[in-house]
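**Student:** Below: one structure in C-alpha cells.
The values are calculated or read from the model by the stated rules, or taken from the named source; none is laboratory data. Here the structure is a predicted model, which is why all the values come from computation and not from measurement. We place every Cβ from the backbone using ideal geometry, glycine too, and count neighbours over all the protein chains shown. Quick note on the areas: whole protein, heavy atoms, side chains included, nothing else; ligands and nucleic acids left out. Shrake-Rupley method; radii C 1.70, N 1.55, O 1.52, S 1.80 Å.
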Amino acid sequence: MSTFKAPKGTYDLIPPDSAKYLAVREAIAAPLRNSGYGYIETPGFESVELFARGVGESTDIVTKEMYAFETKGGDRLALRPEGTASVLRAALEANLHKAGNLPVKLWYSGSYYRYERPQKGRYRHFSQVGAEAIGAEDPALDAELIILADQAYRSLGLREFRILLNSLGDQECRPVYRAALQDFLRGLDLDEETLRRADINPLRVLDDKRDDVQKQLVGAPLLRDYLCDACKAYHEEVRELITAAGVSFEDDAKLVRGLDYYTRTTFEFVHDGLGSQSAVGGGGRYDGLSEMIGGPALPSVGWALGVDRTVLALEAEGVTLQLPAATSVFAVPLGDEARRVLFGVVSELRRNGVAADFSYGAKGLKGAMKNANRSGARYTVVAGERDLAEGVVQLKDMESGEQVAVGVNEIVAELESRLS
Ligand code: AMP
C-alpha cells in the first residue's frame, strides 16, 4: 500500500467490478442513443454562478455541498454537482436551440461532486448518466424520458424499483400553493433553520426526512389540489402516455426533489433494496431554467440516473450481469522461439478482433497456466520447442480440458472458427 488513500467519500473502480459500471453506463445510454439523443460532454467545472442561479441559491447543493474554489486567475469555479445546468449552458452557448430543430435532445455521462456526509450509496464523487430534451413543451417528451429510464433499468434486470410521479405546477399556480403551504408551516413547531427554509423554499420542507417533521406535515396542503387547469391537463396526459406504454408508477403528492428549477412533471426512481439512499435516479421538467441562466424561454425536461446506486441496486437484487469474458484466448510460450511465434499469433488474433492475451515475464508452465485460468479465456495456446519443431502448437479448451495439436499456420483460423 502507498502512503495515500482515495479521498474520503470516494472510491476507485477496479477490475473485475469496474466492468459492471461500464455495463450500467452502456445500458442507460443505449435506449437514449436509440431515441434521437446526441452525446454531449461538458467541462468538469463551471462558474460558481451558473450553479448558484441554475440549481438554486438556497439549495443544500449550492449552500453546503459545492466544491467551489478560486483559480490563480481569480475565476470563481465549482466542480459540477449535477449535469443539467452545464448541459443547458453548453446548448445555449453553441446556439443549438437556434438550429430550428427543437427539442434538442442530448445525453451525457460523467463524474459529479458533492461535499456530502459519506455513507453507503452517498459519495463525494459519483457518476451519472443523464438526458435532457431542450426546447419543447410536450407531455410526450416527459413520458418518453420516463419510459426510457424504465427501459434502461429493466434491460439491466432490475425489477424492484418504483417510479414516483408528481407535478410541481407552474408560474401561475405554484405561487398560490406556496403561500398556502407557508401559512400552514408557520403554524408548526419547527426549528429555526427549517422555519427559514419555509420562508425561502417551503416546498423543500415537504422533503424533510425527519420523523417529527413528517408527523407534523400530515395535514399539509398538497400542490395537487392547487394545480391550474393547464398543469392538470398536462400532467394527466403524461400519466396516460406512461400508462399506455405499460410502465407503472405511483402518484406521490409530496415529491419535490432538491433542486429549485423543476416545474410541472417531477419524478424519482427509487429502489427498495437500498436503505436510506434509495433514489437511483430522478428528473423532471424545468421550463424556467434557461431564463434563469440568461437564455431565452426554453421549456425542457430531463433526468439523471446514478450509476453507483444502480450498481448497488443490482447487488441488492442479486442480479449478475452477463458480461462478455475479457479474454478469449491466452497464449503460453515455453522458450524464446515460442515467445516470438505466439506473440505473433496473439497480435494477429487481436487484429482480427479476437480478445487475446499473453503470458508476460519469465514464468514456468505452472505459473503461466494459473494466469491463463484467471484470465477467464476459453482457449489456451501452449507451445514449446518440441511443438515448434513439429510445426504445431497445443490448443487447450479450458472448459472441457481437451487438448489437440494444431498447425502453427492454422491456429488463428482454427480459433476464429471455434469462437464464432
Ligand atoms: P439528483 O441530481 O440529486 O437528483 O441525483 C440524481 C441521482 O444521482 C440520484 O438519484 C442518485 O442516484 C445519484 N446521486 C446523487 N447524489 C449522489 C451521491 N452523493 N452519491 C451517489 N449518488 C448520488
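**Student:** What number goes with the only condition from (1) part of a helix (DSSP H, G or I); (2) within 16 Å of the ligand (Cβ to nearest atom) that SER111 does not pass?
**Tutor:** With respect to (1) part of a helix (DSSP H, G or I); (2) within 16 Å of the ligand (Cβ to nearest atom), SER111 is out only on (1).
**Student:** Looking at the structure I just gave you, is ARG257 more than 16 Å from the ligand (Cβ to nearest atom), modelled with pLDDT under 95 and either open to solvent by less than 40 Å² (accessible area, probe 1.4 Å) or over 21 Å from the mean Cα position of the chain (by Cα) (or both)? Let's see the steps before the verdict.
**Tutor:** Working: more than 16 Å from the ligand (Cβ to nearest atom): no; modelled with pLDDT under 95: yes; either open to solvent by less than 40 Å² (accessible area, probe 1.4 Å) or over 21 Å from the mean Cα position of the chain (by Cα) (or both): yes.
Taking the combined requirement at face value, the residue does not satisfy it.
**Student:** Here's a follow-up. Could we say that LEU305 is assigned to a strand (DSSP E or B) and either open to solvent by less than 30 Å² (accessible area, probe 1.4 Å) or not β-branched (Val, Ile, Thr) (or both) here?
**Tutor:** Numbers: assigned to a strand (DSSP E or B): yes; either open to solvent by less than 30 Å² (accessible area, probe 1.4 Å) or not β-branched (Val, Ile, Thr) (or both): yes.
For LEU305, the condition - assigned to a strand (DSSP E or B) and either open to solvent by less than 30 Å² (accessible area, probe 1.4 Å) or not β-branched (Val, Ile, Thr) (or both) - is met.
**Student:** Got at least one residue in region 285-302 being within 11 Å of the ligand (Cβ to nearest atom), of a type in the set (Val, Ile, Thr) and surrounded by 24 or more Cβ atoms within 10 Å (Cβ to Cβ)?
**Tutor:** Checked against the condition, which is being within 11 Å of the ligand (Cβ to nearest atom), of a type in the set (Val, Ile, Thr) and surrounded by 24 or more Cβ atoms within 10 Å (Cβ to Cβ), region 285-302 yields no hits at all.
**Student:** Among the residues of region 306-337, what is the count of those that are touching a residue at least 12 places away in the same chain (Cβ under 8 Å), away from the ligand (no atom under 16 Å from the Cβ) and more than 16 Å from LEU349 (Cβ to Cβ)?
**Tutor:** 6
**Student:** Just to check your reading of the model, which residue among LYS8, LYS105, LYS72 is within 16 Å of the ligand (Cβ to nearest atom) and basic (Lys, Arg)?
**Tutor:** LYS8
**Student:** Oh, and also: If I filter region 292-303 for residues that are in contact (Cβ under 8 Å) with a residue 12 or more places away in the chain, more than 30 Å from GLU137 (Cα to Cα) and either of a type in the set (A, V, I, L, M, F, W, C) or assigned by TED's automatic domain parsing to the domain that holds LEU88 (or both), do I get at least one hit?
**Tutor:** no
**Student:** Next question, about the same structure. List the residue pairs whose Cβ atoms are under 8 Å apart, where the first residue sits in region 35-60 and is modelled with pLDDT under 95, the second is surrounded by fewer than 16 Cβ atoms within 10 Å (Cβ to Cβ), and the two are 6 or more positions apart or on different chains.
**Tutor:** Close Cβ pairs satisfying both conditions: GLU57/THR63; SER58/ILE200.
**Student:** Here is a list: VAL238, VAL256, VAL280, VAL270. Which entry is part of a loop (DSSP other than H, G, I, E, B), of a type in the set (A, V, I, L, M, F, W, C) and assigned by TED's automatic domain parsing to the domain that holds ARG162? I'd like the intermediate steps shown before the answer.
**Tutor:** Values: VAL238 fails: part of a loop (DSSP other than H, G, I, E, B); VAL280 fails: part of a loop (DSSP other than H, G, I, E, B); VAL270 fails: part of a loop (DSSP other than H, G, I, E, B).
From the options VAL238, VAL256, VAL280, VAL270, the qualifying one is VAL256.
**Student:** If you go through region 341-374 one residue at a time, how many are under 27 Å from SER420 (Cβ atoms) and of a type in the set (Lys, Arg)?
**Tutor:** Here the count works out to 3.
**Student:** Does TYR153 satisfy the condition of being within 12 Å of the ligand (Cβ to nearest atom), open to solvent by less than 20 Å² (accessible area, probe 1.4 Å) and not aliphatic (A, V, I, L, M)? Quick ask: steps written out before the conclusion?
**Tutor:** Working: within 12 Å of the ligand (Cβ to nearest atom): yes; open to solvent by less than 20 Å² (accessible area, probe 1.4 Å): yes; not aliphatic (A, V, I, L, M): yes.
Answer is yes for this residue.
**Student:** Separate question: Within region 223-254, can you find the residues that are of a type in the set (A, V, I, L, M, F, W, C) and open to solvent by 30 Å² or more (accessible area, probe 1.4 Å)?
**Tutor:** Result: ALA230, ALA233, LEU241, ALA244, ALA245, PHE249.
**Student:** Within region 6-33, track down each residue that is over 30 Å from GLY376 (Cα atoms) and more than 17 Å from the chain's Cα centre (by Cα).
**Tutor:** If the condition is that a residue be over 30 Å from GLY376 (Cα atoms) and more than 17 Å from the chain's Cα centre (by Cα), then PRO7, LYS8, GLY9 are the ones that fit.
**Student:** Within region 125-136, track down each residue that is buried (at least 19 other Cβ atoms within 10 Å of the Cβ) and either more than 10 Å from the ligand (Cβ to nearest atom) or not in a strand (DSSP E or B) (or both). Spell out the reasoning first.
**Tutor:** First pass over region 125-136, keeping only residues buried (at least 19 other Cβ atoms within 10 Å of the Cβ): 126-135.
Within region 125-136, ALA131, GLU132, ALA133, ILE134, GLY135 qualify.
**Student:** Any residue that is in a helix (DSSP H, G or I), open to solvent by less than 40 Å² (accessible area, probe 1.4 Å), within 12 Å of the ligand (Cβ to nearest atom) and in contact with a Leu (Cβ under 7 Å, 6 or more places away or on another chain) - is there at least one of those in region 138-149?
**Tutor:** yes
**Student:** For region 165-178, how many residues are open to solvent by less than 20 Å² (accessible area, probe 1.4 Å), at negative phi and under 30 Å from the mean Cα position of the chain (by Cα)?
**Tutor:** Count: 4.
**Student:** If you don't mind, there's one more thing I want to ask. Hey, any hits in region 187-208 for a residue that's under 27 Å from SER248 (Cβ atoms), out of contact with any Pro (no Cβ under 8 Å at 6 or more places or on another chain) and not in a loop (DSSP other than H, G, I, E, B)?
**Tutor:** Within region 187-208 (the criterion being under 27 Å from SER248 (Cβ atoms), out of contact with any Pro (no Cβ under 8 Å at 6 or more places or on another chain) and not in a loop (DSSP other than H, G, I, E, B)), the answer is yes, since at least one residue qualifies.
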